[in-house]
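The values are calculated or read from the model by the stated rules, or taken from the named source; none is laboratory data. Note that this is a predicted model, so its numbers are computed, not measured. Please note: Cβ atoms are built from the backbone with ideal geometry, for glycine as well, and neighbour counts cover all protein chains shown. The protein model used for the area step is the full one, side chains on, heavy atoms only, and it has no ligands, DNA or RNA in it. Shrake-Rupley method; radii C 1.70, N 1.55, O 1.52, S 1.80 Å.
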Amino acid sequence: MMMEQHALQTLHALFEQHTYQNDETDYWFARDLMSLLGYQRWENFQKVVQKAMVACEVSKNKVLDHFREVTKMVEIGSGTNRAIEDMILSRYACYLIAQNGDPKKEEIAFAMTYFATKTRAFELIEKRMDEFERLQARNQLKESEKQLASVLFQHGQTGESVSRIKSKGDKTLFGGYSTAEMKKKLSIAEKRSLADFLPAITIKAKDFANEITAFNVKKENLQSETGITTEHVKNNKDVRKLLLNRGIRPEELPAEKDIQQLEKQLKKETKQLGKESAIAEVDLQNNE
């Protein structure tokens, strides 16, 4: 998922419209966030909030500093008002809630980045979205690699044959460059994973080829190393052809920031966010 700039701008504007501030501290209302994240029912959203509160406690942050229950009066028609449950949320609370959603949904993916970023400047959020999507793509590739290996083991392959099959697939995707040659080309340490330094488009290409191979190995009940290798090479060739048709040559793309550094950066910023985003006292009457 690579979100278009227009979609990013639209989401950014929506989230900004529902941001409140008190004593220079940003906060949000849970019912607003529910809509922003695409939830329809308060009862369902409360379950997500509860999970986030548990995560807050586990991270050794005070829940009441980030989740504060309130009652608001809303007009229900004909001048009649009704009291409803709501909750004031810190930036950290919103981030934890987004973490419990499906990151494949644009609203959730954007929210995780928006709330993890201290500044709300669109340009910085856009840059962080690119990093977040690359990190998500890398995690998905890890899953598809595990799935492919599992399928191959079930179809008679050994650890050595799985490595050979994957290596030949990579060599096809990278236009004849082996994994070792690509590491040398991109100045990547021999013991590090090549995928940790690839751009998102290449990571997703590898993931797609893995998914097709796993599917067809099961569908055709392929058992021999030769047959599976032929299938995996074909799939990587087809994916490469698709990229070439769009002017993308995987072997010519530069290395990007180490995924492990991105993960450490995210964990550090999330921990800091929990310490710095506590909610100040809020006068609800000034926010109606």
Hits in the stretch 1-47 - residues which are hydrophobic (A, V, I, L, M, F, W, C), open to solvent by 60 Å² or more (accessible area, probe 1.4 Å) and at pLDDT below 85: Met1, Met2
Within the stretch 139-170, the count of residues that are touching an Asp or Glu at 6+ places or on another chain (Cβ under 8 Å) and either among the acidic types (Asp, Glu) or modelled with pLDDT under 95 (or both) comes to 1
Kindly evaluate Glu145 against the criterion of being farther than 22 Å from Leu242 by Cα and either of a type outside the set (A, V, I, L, M, F, W, C) or open to solvent by 50 Å² or more (accessible area, probe 1.4 Å) (or both). no
Out of the residues in the stretch 97-115 that are open to solvent by less than 10 Å² (accessible area, probe 1.4 Å) and among the hydrophobic types (A, V, I, L, M, F, W, C), which is modelled with the lowest pLDDT? Ala109
Cβ-Cβ under 9 Å pairs, at least 6 apart or on other chains, the stretch 185-203 side in contact (Cβ under 8 Å) with a residue 12 or more places away in the chain and part of a helix (DSSP H, G or I), far side aromatic (Phe, Trp, Tyr) and open to solvent by 10 Å² or more (accessible area, probe 1.4 Å): Lys185/Tyr177
Would the stretch 199-206 turn up any residue that is open to solvent by less than 30 Å² (accessible area, probe 1.4 Å), basic (Lys, Arg) and out of contact with any Cys (no Cβ under 7 Å at 6 or more places or on another chain)? yes
Count - residues of the stretch 48-66 that are out of contact with any Cys (no Cβ under 6 Å at 6 or more places or on another chain) and open to solvent by less than 20 Å² (accessible area, probe 1.4 Å): 4
Filtering the stretch 171-190 for residues that are of a type in the set (Val, Ile, Thr) and modelled with pLDDT of 95 or more leaves a count of 2
Taking interchain pairs and intrachain pairs at least six residues apart, which have beta carbon atoms under 6 angstrom, with the first residue in the stretch 205-220 and closer than 29 Å to Leu253 by Cα and of a type in the set (Phe, Trp, Tyr) and the second open to solvent by less than 50 Å² (accessible area, probe 1.4 Å) and part of a helix (DSSP H, G or I)? Phe208/Val239
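Would you confirm, using the coordinates I've provided, whether Arg240 is open to solvent by less than 70 Å² (accessible area, probe 1.4 Å) and assigned to a loop (DSSP other than H, G, I, E, B)?
For Arg240, the condition - open to solvent by less than 70 Å² (accessible area, probe 1.4 Å) and assigned to a loop (DSSP other than H, G, I, E, B) - is not met.
Is at least one residue of the stretch 248-256 out of contact with any helix residue (DSSP H, G or I) (no Cβ under 8 Å at 6 or more places or on another chain), surrounded by fewer than 19 Cβ atoms within 10 Å (Cβ to Cβ) and either among the small types (Gly, Ala, Ser) or at pLDDT 95 or above (or both)?
Scanning the stretch 248-256, I find at least one residue that is out of contact with any helix residue (DSSP H, G or I) (no Cβ under 8 Å at 6 or more places or on another chain), surrounded by fewer than 19 Cβ atoms within 10 Å (Cβ to Cβ) and either among the small types (Gly, Ala, Ser) or at pLDDT 95 or above (or both), so the answer is yes.
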Going through Lys275, Lys268, Lys234 one at a time, which residue ends up being in a helix (DSSP H, G or I), within 27 Å of Arg164 (Cβ to Cβ) and open to solvent by 100 Å² or more (accessible area, probe 1.4 Å)? Lys234
From Ala98, Ala137, Ala149, Ala83, which residue is assigned to a helix (DSSP H, G or I) and over 30 Å from Glu231 (Cβ atoms)? Ala98
